[in-house]
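One structure below.
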């Protein structure tokens, strides 16, 4: 019975203190008291909404990652745009992973056999794609697709090669070559004219000699 009496007296004492504090803050105004309680309720609600819920990965998800040993499937990929002229082009790829899901997809670009760039492709709802800045000319490039799933299994596609080396062709300047061509043609014509003239002269001499020999035979 003593313990019950002490507990009752303690509760009455606390109620007295609470009542004294409330009376000093608000007096006998019930309106102020109601506003105070409303503000307290709103503050508690706001705090609970701002606190993010703590989530834990389920054992089922961890089991899927541990059991996924298959690499992603690169079903198709391609290049669109004027890649050989050094202008911007687009690389796209269709990648899937039925177990843990696709983590990321990138285009691996080598320049003259050395790493050049490795841009990530973004998923647009149907496939992965990205616009790639124009490549430097006078180099050779190798491009392939690399994909990872959430279990860190890696897949790589076949490689496509592009030669952007510019071959220089010798240009002919007419102002330089025309006089040479005309001059050489004139020399050839003169030589032909002299050759034909000599042949005609030989024929004339042969004819005169024949006539002289004929006359000497009949004289």
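The values are calculated or read from the model by the stated rules, or taken from the named source; none is laboratory data. Model, not experiment: these values are computed from the prediction. Heads up, the Cβs are rebuilt from the backbone with ideal geometry, glycines too, and the neighbour counts pull from every protein chain shown.
Okay, here's what the table says:
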read-out	value
Residue that is surrounded by the most Cβ atoms within 10 Å (Cβ to Cβ), among those in the stretch 93-106 that are in a loop (DSSP other than H, G, I, E, B) and out of contact with any helix residue (DSSP H, G or I) (no Cβ under 7 Å at 6 or more places or on another chain)	97
All positions within the stretch 117-173 that are touching a strand residue (DSSP E or B) at 6+ places or on another chain (Cβ under 8 Å), under 15 Å from residue 90 (Cα atoms), without any contact (Cβ under 8 Å) to a residue 40 or more places away in the chain and not in a strand (DSSP E or B)	118, 119, 127
Any chance residue 36 is at pLDDT below 75 and loosely packed, with under 11 Cβ neighbours inside 10 Å	no
Residue tally, condition modelled with pLDDT under 60 and part of a loop (DSSP other than H, G, I, E, B), over the stretch 48-92	8
